[in-house]
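Notes for the one structure printed next.
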Amino acid sequence: MMTHLDNLESKSIHILREAYNRFGNLCMLWSIGKDSTVLLALARKAFFGHVPFPLVHIDTHYKIPEMIEYRDRLAREWKLDMVYGENADALAQKKTFPDGNCTRIECCKNLKTEALRCTLSGEWPRYRMNHDTGLYERDENTEPYTGVILGIRADEEGSRSKERYFSPRDKNNDWDIGDQPPEFWGQYKTDFKPGTHIRIHPLLDWTELDVWEYIRRENVPVVPLYFNQGDGKRYRSLGCWPCTSPVESEATNIDEIIEELKTGKFANIAERSGREQDKEDGGGLEELRKDGYM
Amino acid sequence: MDTCNVFDNKEMNIVIVGHVDHGKSTVIGRLLADTNSLPQGKLDQIKALCRRTDKPFEYAFLLDALKDERAQGITIDTARCFFKTEKRKYIIIDAPGHIEFLKNMITGASRAEAALLVIDAHEGIMENSRRHGYMLSMLGIRQVVVLVNKLDLVPAEDRQRVYEEIVAEYSAFLQNVEIIPQHFIPISAVEGYNIAAKSEELPWYDGITVLEALDAFKEIADGDDHAFRMWVQDVYKFTNSRDERRIIAGTVSAGRLHVGDEVMFLPSGKKTKVHSIEGFNEPEQTSVSTGKATGFCMTEQIYAKRGELCCKIGEQPPRTGSLVKTSIFWLGKEPLDTEKVYKIKIGSAAVGMRVEKILGVLNASTLENSEKQTVERHEVAQCLLHFERPLAFDLSGQCADTSRFVIVDDYEIAGGGIITDVEEDEELEKKLIRRNVKWIQSSMTPHERESYYRQQAQLIILTGNIQIDKKEIARKLEKKLLEHGKIAYYLGIGNVLYGVNSDIKSDDSMNSPEERNEHIRRLGEVANILLDAGNILIVTANELIPDELDTLRQIIRTDNIRTVWVGVDNRRAADFDFYYPVPSKSIADELAQKLFCI
């Protein structure tokens, strides 16, 4: 008898395998958050203990330090092909919100959207972990990735609820929300024009609660920032520290988080309510996403 | 109180369809609000936005989260909302009602187990009320509840009459497309009549509410009782990570698979047994059921590839063929063209396809049939399709995953359909299946034979440009292998052409595509016997192309095959295991070293 989590897991694995078969230059974005870490755990299941494509992290240099530590530890333990990219110019010229030189949305555009676009296309340097030394070295592979796997979920907010499992992006990384390809009967858009790429969303049908229940069932390691460390606060959604605030919560472990989501005070509060960039405009995140934000 | 565990396993996808502006989004907004399913942040966000843009708040705005849609006031793409009743969790899929967005309606509806179809009482049954009804039928969604909406806009004394007229007319239409709706419910989404609670405003109605109707939908039974079907999605061997397992990966479309089961891959007709069911971070499994994304290892290493359909011997086999009768719906911007080559995808199989004949075109809204020779966007048609290669599949009504397909035009999915019948043909696949079924088993297994001979049967295919002498390399390799105690045999295609093939051998046989195919098939059959006998077999033939290698792989039961190309042809480097642009005396020695370490 397949349970609800079994069904979600199998569907996601099917999508991951389809992506691996159809795309020669495939990568998975790993934000270090719980969703993309669940995605990583699913990839290991799909490929029987292996992750046969690189994991790409966009480093804004404003991530909470524990996140980077955790990233590199897991990369070493699980022998991951770990790659990161960044917007070196914007950081050098201090074109960021914490430096007081732009709005939160502009900062997201610089450090995430632009960095992502140019890392995926190979225009900007990529840095790859050398497992012999544990250090990052400039990656010689500058080929554009044609398939990019992301851990977004339909229940997070409006624009993500309209996504396809396989969603095309044009040459400028733009998402044409008004003319998305049809997707039915488990058949996806895997044919694409040169210069375009496809974003693949295996977690689209998962809810926040599903993610936590799966983390518990599969013992997926997550950053301790998700738990209350004794100060009555924990992160519900992880981003850059200047724009992400922890929520009041006593939950110190996975069971307590699940309890909190099911019956407690978060049962009816949006998950990204701690993300400031969503609030700047009627459609902050959807504007960002059209430009290529995750 | 922890109520969620009660329905942890139950989640149902419901699609809401109907003509544009008939109030689908409002129904959902109302369902979310009345079941307290709205995240607090979301409601505030929309209300604040309405204040800023000077618009009165509407329930529909909860869904139309995108600016484009708010500006146009219509849903253009499917959105998903999550809510729960005391019985179970729901994902409600909001499908657009505008004709332009039929492809999005199909995307949404194909994910659903049941449907709510909304009709505006004020406006009555419109084109897309009918078209969507037809599409639900085509998509195989049989659980339908019809909501007659906006009754608040009809004068109280006319409501019952208007409602009953719609019920009568629309029931008759649905009957034609083989849908019997479970309920008709008179509602007003804006006023909340009969959504979560019975309304005093419609006293003549004594049926159930929308929420009750949702809870009455039945979950689709799993397909465990059906004959086993699994598309080969991929074959994995992660040798670089020092993992020698060769795993056939796929998702079970129907039935169950157990360790020890004898399975067959179609259309190739190859047989093997399930050695183990593979998994990661889960207890060892001896069987898997419908819906599971899984993988297994085989007892005998045969060559199976993506696009083949795995079934169990002793159960109802799938059909195979290349000429099929289908019902299709067309979404392409360009009409369906009988001159064009499209790509068809069924499960993991994908091949080139031509439309052999358009048998009839149906207007999905009026159900009128016409004998046109083109199928326009949003039309439905019966077509005879011709695949470039035979495929395995089931006929419609048996197993959804193996009887439905999509049509790809250039880079886009441009249509979908179901296979209703197949024209039987005598293709290679049929011959192979018959051969495998009729094969007289020796009491020796291939494994036992290997241990007697102390070698694995292996085929080495030596091919390349016509002017290159491959025979000499083969002779040298054969000699070297024999000298090292191997049982090896060299077979040139010429040895087959004038004997086994004498009935079809003409002067220019190898340059006539049809004759060439048959020569290669027979070479494959002879090689298969010599390999079954346990030999290391070296075969030479001129300029074998990848398709021909595939044919040989399909015929030959072992997958222990190595291919060698000799001569300059850069396209070949990737297609062959070994590529020697320049012929040299040392090739035989190099091959012996690389393949047998001698």
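For the stretch B:440-596, what relative contact order do you get, as a whole percent, if you take Cα pairs closer than 8 Å and at least 6 residues apart?
Computed over the stretch B:440-596, the figure is 35 percent.
Rounded to whole Hz and in sequence order, give me ³J(HN,Hα) for the stretch A:184-194 from the Karplus expression 6.51 cos²θ - 1.76 cosθ + 1.60, θ = phi - 60°, writing x for Gly and Pro.
Computed from phi, the couplings for the stretch A:184-194 are 8, 6, x, 10, 10, 7, 10, 9, 8, 6, x Hz.
With charges only on Cβ, +1 for K and R and -1 for D and E, what is the dipole size of chain B about its Cα centre, in debye, rounded to 20?
Rounded to the nearest 20 debye, it is 2220 debye.
List the relative contact order of chain A as a percent without decimals, with contacts defined as Cα pairs under 8 Å and 6+ residues apart.
That works out to 20 percent.
How high is the relative contact order of chain B? Use alpha-carbon pairs under 8 Å, at least six apart in sequence, and give a whole percent.
That works out to 9 percent.
Could you go through the stretch B:386-402 in sequence order and give the Karplus-derived ³J(HN,Hα) for each residue, using 6.51 cos²θ - 1.76 cosθ + 1.60 with θ = phi - 60°, rounded to whole Hz, and x for Gly and Pro?
10, 7, 5, 10, x, 10, 9, 6, 10, 7, 3, x, 9, 9, 4, 4, 10
Kirkwood Rh over Cα pairs of the stretch B:493-571 into Stokes-Einstein at 20 °C, 1.002 mPa s: D in µm²/s?
For the chosen part, D equals 160 µm²/s.
With viscosity set to 1.002 mPa s and temperature to 20 °C, compute the Stokes-Einstein D of the stretch B:256-302, Rh being the Kirkwood radius across alpha carbon pairs; µm²/s, no decimals.
D = 190 µm²/s.
Choose one answer from A:TYR226, A:TYR70, A:TYR214: the residue with the largest mean-square fluctuation in a GNM of chain A with alpha-carbon springs under 10 Å.
The residue with the greatest mean-square fluctuation here is A:TYR70.
If you count, for every residue in A:43-51, the Cβ atoms of partner chains within 10 Å of its Cβ, what is the mean?
6
Can you give me the convex hull volume of the Cα atoms of the stretch B:440-596, divided per residue and expressed in Å³?
117 Å³
Give me the summed buried accessible area for the B-A pair, 1.4 Å probe, to the nearest 100 Å².
6200 Å²
Calculate the mean, over all residues of peptide B:273-280, of how many other protein chain Cβ atoms lie within 10 angstrom of the residue's Cβ.
2
For the protein assembly as shown, give the magnitude of the charge dipole about the Cα centre (Cβ charges: +1 Lys/Arg, -1 Asp/Glu; no others), in debye to the nearest 20.
It comes to approximately 2460 debye.
Report, to the nearest 10°, how far helix B:470-483 tilts away from the longest principal axis of the Cα atoms in chain B, using its own Cα long axis and a range of 0 to 90°.
Long axis of B:470-483 versus the principal axis of chain B: about 70 degrees.
Which distance in nm do the two modelled labels at B:GLU282 and A:ASN141 give, with both placed 7 Å along the Cα-to-Cβ direction?
The two pseudo-label positions are separated by 2.8 nm.
As a test of the formula, what do you get for chain B when each DSSP H run with n ≥ 4 contributes -39,500 (n - 2.57) and the sum is divided by the residue count, at 222 nm and rounded to the nearest 500 deg cm²/dmol?
-8000 deg cm²/dmol
Is there a quick way to get the dipole size of chain A? I mean about its Cα centre, with the Cβ of Lys and Arg at +1 and of Asp and Glu at -1; what is the value in debye to the nearest 20?
So the dipole magnitude of chain A works out to roughly 400 debye.
Give the Kirkwood hydrodynamic radius (Å, one decimal) of the stretch B:109-215, defined as one over the mean of 1/r across all pairs of different Cα atoms.
Kirkwood radius, the stretch B:109-215: 14.0 Å.
Can you pull the Rg over Rh of the stretch B:373-513, Cα-only, Kirkwood?
Rounded to two decimals, Rg/Rh equals 1.12.
In what sequence, highest mean first, do B:469-475, B:341-347 appear when ranked by Cβ atoms within 10 angstrom?
Result, highest mean first: B:341-347, B:469-475.
Taking only the alpha carbons of the stretch A:117-159, what extent do you get along each of the three principal axes, in Å, biggest first?
Here the Cα extents, ordered largest to smallest, are 42, 23, 14 Å.
Hey, with R₀ at 22 Å, roughly what FRET efficiency would B:ARG142 and B:ALA168 work out to, going by the Cβ-Cβ distance, to 0.05?
Efficiency, from the Cβ-Cβ distance: 0.55.
For the stretch A:209-214, in order, what is each residue's ³J(HN,Hα) by Karplus, 6.51 cos²θ - 1.76 cosθ + 1.60 with θ = phi - 60°, in whole Hz (x at glycine and Pro)?
So the Karplus estimates, Gly and Pro as x, are 5, 4, 4, 5, 5, 6 Hz.
Note the per residue figure in Å³ for the convex hull of the C-alpha positions in chain A.
In chain A, the Cα hull volume divided by residue count equals 139 Å³.
Using the Cα atoms of the stretch A:87-181, I'd like the radius of gyration and the largest Cα-Cα distance, Dmax, both in angstrom.
Spelled out, the Cα radius of gyration and Dmax of the stretch A:87-181 are 16.1, 47 Å.
Between A:GLN229 and B:LYS198, what's the calculated FRET efficiency when r is the beta-carbon distance and R0 is 51 Å? Round to 0.05.
0.50
Using a 10 Å cut-off around each Cβ of peptide A:9-17, what is the average number of partner chain Cβ atoms that fall inside?
Per residue, the number of nearby Cβ atoms from other chains is 5 on average.
What's the center-to-center distance, using Cα atoms, between the stretch B:384-415 and the stretch B:140-219 in Å?
Taking the Cα centre of each part, the stretch B:384-415 and the stretch B:140-219 sit 36 Å apart.
Any of A:LYS63/A:LYS94; B:LYS89/B:LYS218; A:LYS189/B:LYS372 with alpha carbons more than 19 Å apart? Name them for me.
A:LYS189/B:LYS372
Just the number please: accessible area per residue for the protein assembly as shown, 1.4 Å probe, all protein chains included, in Å².
On a per-residue basis, the protein assembly as shown sits at 41 Å².
Evaluated at 25 °C with a viscosity of 0.890 mPa s, what Stokes-Einstein diffusion coefficient in µm²/s does the protein assembly as shown have when Rh comes from the Kirkwood expression over alpha-carbon pairs?
Stokes-Einstein gives a translational diffusion coefficient of 81 µm²/s.
Out of every Cα pair in the stretch B:315-434, what percent are spaced more than 23 Å from each other?
27 percent
Any chance you could get the radius of gyration and Dmax over the Cα atoms of the stretch B:527-598, in Å?
12.9, 35
Sorted by mean Cβ packing within 10 Å, highest first, what order do the peptides B:90-96, B:176-182, B:392-398 take?
Listed from highest to lowest mean packing, they are B:90-96, B:392-398, B:176-182.
Could you tell me what a quarter of the Cα convex hull surface of chain B works out to, in nm² with one decimal place?
34.4 nm²
Just by accessible area at a 1.4 angstrom probe, what is the order of A:TRP124, A:TRP206 from largest to smallest?
Putting A:TRP124, A:TRP206 in descending order of accessible area: A:TRP124, A:TRP206.
Considering the options B:VAL118, B:GLY140, B:VAL190, tell which one lies farthest towards the positive end of the dipole of chain B, charges being +1 on Lys and Arg and -1 on Asp and Glu at the Cβ, about the Cα centre.
B:GLY140
Which cross-chain or sequence-distant (5 or more) residues have an amide H under 5 Å from the amide H of B:TYR193, H modelled 1.01 Å from N in plane?
B:SER188
Counting just the Cα atoms, what span does the stretch B:229-312 cover along each of its three principal axes? Round to the nearest Å and put the largest first.
Extents along the principal axes: 32, 25, 20 Å.
The values are calculated or read from the model by the stated rules, or taken from the named source; none is laboratory data. Given the structure is predicted, the values throughout are model-derived calculations rather than measurements. Please note: Cβ atoms are built from the backbone with ideal geometry, for glycine as well, and neighbour counts cover all protein chains shown. All accessible areas refer to the heavy atoms of the entire protein, side chains included, with ligands and DNA or RNA removed. Shrake-Rupley method; radii C 1.70, N 1.55, O 1.52, S 1.80 Å.
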